[in-house]
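Accompanying notes for the structure given below.
The values are calculated or read from the model by the stated rules, or taken from the named source; none is laboratory data. In this text the structure is predicted, and so the values were computed from the model without any measurement. FYI the Cβ positions are ideal-geometry reconstructions off the backbone, even for glycines, and counts take in every protein chain you see.
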Amino acid sequence: MNVLLIYPEFPDTFWSFKHALKFVRKKASFPPLGLLTVAAMLPAEWSKRLVDVNVARLTDENLAWADYVFISSMVVQRTSAQHIIARCKKAGVKVIAGGPLFTSEHEQFKDVDHFVLNEAELTLPPFLEDLSNNCAKRVYSTSCFADIRETPAPLWELANLKQYASMSIQYSRGCPYHCEFCNVTALFGRSPRTKTTEQVIAEVDSFYRLGWRGPVFFVDDNLIGNKKRLKDELLPALIKWQSEHVPIPFNAEVSINLSDDEPLMQMMSEAGFDTVFVGIETPDADGLAECNKKQNKNRNLVEDVRRIQRAGLQVQAGFIVGFDSDTPSIFQRQIDFIQKSGIVSAMIGLLQAPAGTKLYERLKQEGRLLGQMSGDNVDGTTNIIPTMDADILRDGYKRILRHIYSPESYYQRIKTFFREYKAPKIKVRFTFNHILALFRAIYHLGIVGNGRIQFWKLLLWTSFHRRELLPLSVTLAVYGYHFRKVSKLHVL
């Protein structure tokens, strides 16, 4: 059996980093973790190939070779997934689809032969058994959650790791919080399930043996969902691993209450974590109450961010406008919060309602849904009818992006961040690509780009005040170049 695993293309989005990746000669941020994990669950005797459309073309020869195509996709990859499925149908290749997009929208894909939905650990085995008996059904789904202690390590050898800027790994699934707009609990539940420490270390070892020495992203929706197991088991093991190998940097998603736990932040720093993404959403108390963001309420969020930064963890964050409680004052309040907190990578989008969320069901009952959401956090679209005048909402949203990603505001925010940030103990290993990236940054940002003066002022200020952070200042400047490109493409 010849199986072709296909990963659809990401559009030009905030997290695609397409414009930044060119500086380091990479084609995509991450390899397809879920699809490579599914590959490890398939029969060992099957021949398997991966085509990640983000790094390679899908050719007619690829499709002619395949007996079956397995495709996994997130919502933001919908358009590419539709094109791929159409090509497979034209080539006469049967398609098996899974992942978040198809779990929430499988009724929209008439040309898919079989759907393996929800968690593949539970739905893939019965599909494979039925397939071997020539009686495979069209849809396999479950309302149960898998024991991920049984999940195999991804087949990294199917991917060309040199094409990616970062690796990815999963430690847990599920989140203890239940934010109204988030579909994580609908997909994975509210009781975080974790892999064993031995599993995680084995996965790190697997791509380390393949020569990987770059950053690694823990894709968990909330790494600290089970603090006790993280502190007692995983972090001590990672600290030990780092001491025995060429250190590699980690980053993760966490909730803001990380700032309450100084020992945990210190352990994460010692384990190699240098960046965390936090869902801030809004500085408005009514907005937080409306979306059930309980963990963010009754806090000094700016001080929480600074506390995390002082522990050696750069804070990236997500923000939302368009809550029912928002008034036109929210736009300036968001700008002021982002600038004051020094959150350099600030992703801000209009409120969207994913299928399966409490928000989706509430707005459906109110007759306020406008079809499917795009899945793109910064494209300026929404699938809901807001209570605020739509033109005021769109104009205010554009004003936020124009302000926070203007060179002057962006570079000022980097300096605000650097004033608080404790440099991490584990340094990124420099390669020839980093040297090339420096020269590209000097050319694109310091010679021909907008904001040339601000770029050189940042480097000069960093040289005098935080010289050890010069490499990071260049990296963040390149990120800003990408963010400005994306913002102009979609909404400016």
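Quick look at the values:
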item: Hey, Asp376 assigned by TED's automatic domain parsing to the domain that holds Ser243, buried (at least 20 other Cβ atoms within 10 Å of the Cβ) and either among the charged types (D, E, K, R) or modelled with pLDDT of 95 or more (or both) or not; result: yes
item: Test: residue in the stretch 361-375 that is touching a strand residue (DSSP E or B) at 6+ places or on another chain (Cβ under 7 Å), outside any loop (DSSP other than H, G, I, E, B) and under 21 Å from Glu105 (Cα atoms); result: yes
item: The listed residue being of a type in the set (Gly, Ala, Ser), at pLDDT below 95 and either within 22 Å of Leu472 (Cα to Cα) or touching a Phe, Trp or Tyr at 6+ places or on another chain (Cβ under 7 Å) (or both), out of Gly287, Gly214; result: Gly214
item: Residue in the stretch 115-138 that is assigned to a strand (DSSP E or B) and either exposed (fewer than 12 other Cβ atoms within 10 Å of the Cβ) or out of contact with any Gly (no Cβ under 9 Å at 6 or more places or on another chain) (or both) present; result: no
item: Selection status of Ser72, surrounded by 22 or more Cβ atoms within 10 Å (Cβ to Cβ), small (Gly, Ala, Ser) and under 22 Å from Phe127 (Cβ atoms); result: yes
item: Number of the exception - Asn292 against (1) over 23 Å from Tyr177 (Cα atoms); (2) touching a helix residue (DSSP H, G or I) at 6+ places or on another chain (Cβ under 8 Å); result: (1)
item: Condition broken by Thr387, with the remaining ones in (1) crowded, with 18+ Cβ neighbours inside 10 Å; (2) hydroxyl-bearing (Ser, Thr, Tyr); (3) over 22 Å from the mean Cα position of the chain (by Cα) satisfied; result: (1)
item: Unique match (being outside any strand (DSSP E or B), surrounded by fewer than 16 Cβ atoms within 10 Å (Cβ to Cβ) and either out of contact with any helix residue (DSSP H, G or I) (no Cβ under 8 Å at 6 or more places or on another chain) or not assigned by TED's automatic domain parsing to the domain that holds Asp376 (or both)) among Pro31, Pro11, Pro43; result: Pro43
item: Single condition Asp220 does not satisfy, out of (1) at pLDDT below 95; (2) crowded, with 22+ Cβ neighbours inside 10 Å; result: (1)
item: Count of residues meeting criterion [part of a loop (DSSP other than H, G, I, E, B) and either farther than 23 Å from Leu187 by Cα or of a type in the set (Gly, Ala, Ser) (or both)] in the stretch 139-167; result: 9
item: Matching residues in the stretch 392-444 - criterion: being part of a helix (DSSP H, G or I), farther than 19 Å from Phe337 by Cα and hydroxyl-bearing (Ser, Thr, Tyr); result: Tyr443
item: Tabulated pairs, the stretch 60-75, first among the basic types (Lys, Arg), second surrounded by fewer than 23 Cβ atoms within 10 Å (Cβ to Cβ) and at pLDDT 95 or above, C-beta under 8 angstrom, 6+ apart or interchain; result: none
item: The stretch 259-283: number of residues that are touching a helix residue (DSSP H, G or I) at 6+ places or on another chain (Cβ under 9 Å) and either closer than 16 Å to Cys182 by Cβ or of a type in the set (A, V, I, L, M) (or both); result: 11
item: Out of Asp286, Asp221, sole residue that is assigned to a helix (DSSP H, G or I), within 28 Å of Cys179 (Cα to Cα), of a type in the set (Asp, Glu) and assigned by TED's automatic domain parsing to the domain that holds Tyr360; result: Asp286
item: When residues of the stretch 419-469 are limited to those that are polar (S, T, N, Q) and without any contact (Cβ under 8 Å) to a residue 40 or more places away in the chain, the one nearest to Ala271 (Cα to Cα); result: Thr431
item: Checklist (1) surrounded by fewer than 20 Cβ atoms within 10 Å (Cβ to Cβ); (2) touching an Asp or Glu at 6+ places or on another chain (Cβ under 9 Å); (3) not charged (D, E, K, R) applied to Ser406, failing item; result: (2)
item: Residue in the stretch 146-172 that is surrounded by the most Cβ atoms within 10 Å (Cβ to Cβ), counting only those that are within 10 Å of Pro31 (Cα to Cα) and small (Gly, Ala, Ser); result: Ala159
item: Matching residues, the stretch 246-302, being touching a Gly at 6+ places or on another chain (Cβ under 9 Å), among the small types (Gly, Ala, Ser) and more than 18 Å from Tyr421 (Cα to Cα); result: Ser255, Gly279
item: Members of the stretch 65-96 that are of a type in the set (Phe, Trp, Tyr) and in contact with a helix residue (DSSP H, G or I) (Cβ under 9 Å, 6 or more places away or on another chain); result: Tyr68, Phe70
item: Test: residue in the stretch 169-185 that is more than 15 Å from Asp221 (Cα to Cα) and aliphatic (A, V, I, L, M); result: no
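Residue-by-condition table, conditions (1) closer than 20 Å to Pro424 by Cα; (2) of a type outside the set (A, V, I, L, M):
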{"position": "Tyr443", "(1), (2)": "no, yes"}
{"position": "Leu459", "(1), (2)": "yes, no"}
{"position": "Arg467", "(1), (2)": "yes, yes"}
{"position": "Ser473", "(1), (2)": "yes, yes"}
